[in-house]
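Colleague: Here it is, the structure in full.
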Amino acid sequence: MKSNRPIDLPLSQVISVNRSPIAIASILHRISGIILFLLIPVMLWLLQNSLASPESFETVFDNVLVRFLTWIFVAAIAYHFVMGIKHLFADMGMNEELKSGRTASMVSFVIAAILVVASFIWVMF
């Protein structure tokens with residue numbers, strides 16, 4: 001029996017079908033993990049350059065682009081951490097029902113948004 005089910009769906013189709021906060025939180029959790037994975041070598045290089053001397057620290061972090069990149073990294077860590085805790089609770093059997101899962105996702109979105117805004121203020125100013 002041949003299945004007509006598609007195997008590989010483009011991300012746009014997945015998002016258009018799954019508009020629930022649970023699905024969006026899961027997809028964004030994966031995207032934030034990819035961002036963290038890609039930015040770790042860049043952040044390590046910036047750390048190495050900034051720790052050479054006090055002057056090099058000022059030179060590196062006086063650049064607005066470097067501070068913005070640092071904010072992206074910190075914001076991705078904050079979002080990934082909050083959604084990771086939400087996923088850990090789901091793995092323990094909490095918030096498995098649709099209503100409680102949506103509530104947990106919305107609460108996680110609010111906490112992550114507060115942390116992202118706070119990290120922007122912390123890093124950029």
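Colleague: Sort through Leu47, Leu115 and tell me the only one that's free of Cβ contacts under 8 Å to residues at least 60 places away in the same chain, under 13 Å from the mean Cα position of the chain (by Cα) and open to solvent by 60 Å² or more (accessible area, probe 1.4 Å).
Modeller: On inspection, the qualifying residue turns out to be Leu115.
Colleague: Among the listed residues Val60, Val14, identify the single one that is open to solvent by less than 60 Å² (accessible area, probe 1.4 Å), under 24 Å from Val123 (Cβ atoms) and at pLDDT below 95.
Modeller: Among Val60, Val14, only Val60 is open to solvent by less than 60 Å² (accessible area, probe 1.4 Å), under 24 Å from Val123 (Cβ atoms) and at pLDDT below 95.
Colleague: Pro6 fails exactly one of the following numbered conditions: (1) open to solvent by 60 Å² or more (accessible area, probe 1.4 Å); (2) over 22 Å from Thr70 (Cα atoms); (3) at pLDDT 90 or above. What is the number of that condition?
Modeller: Failed condition: (3).
Colleague: Kindly evaluate Leu69 against the criterion of being within 20 Å of Ser32 (Cα to Cα) and either in contact with a helix residue (DSSP H, G or I) (Cβ under 9 Å, 6 or more places away or on another chain) or open to solvent by 90 Å² or more (accessible area, probe 1.4 Å) (or both).
Modeller: Spelling it out, Leu69 is indeed within 20 Å of Ser32 (Cα to Cα) and either in contact with a helix residue (DSSP H, G or I) (Cβ under 9 Å, 6 or more places away or on another chain) or open to solvent by 90 Å² or more (accessible area, probe 1.4 Å) (or both).
Colleague: Restricting to the stretch 91-112, name every residue that is surrounded by fewer than 18 Cβ atoms within 10 Å (Cβ to Cβ) and touching a helix residue (DSSP H, G or I) at 6+ places or on another chain (Cβ under 7 Å).
Modeller: Glu96, Arg102, Met106, Ile111 - these are the residues of the stretch 91-112 that are surrounded by fewer than 18 Cβ atoms within 10 Å (Cβ to Cβ) and touching a helix residue (DSSP H, G or I) at 6+ places or on another chain (Cβ under 7 Å).
The values are calculated or read from the model by the stated rules, or taken from the named source; none is laboratory data. Note that the coordinates shown come from a computational prediction; the quantities given were computed from them, not determined experimentally. Virtual Cβ from ideal backbone geometry, glycine too; neighbours counted across all protein chains shown. Calculation scope for accessible area: heavy atoms of the full protein, side chains included, ligands and nucleic acids excluded. Shrake-Rupley method; radii C 1.70, N 1.55, O 1.52, S 1.80 Å.
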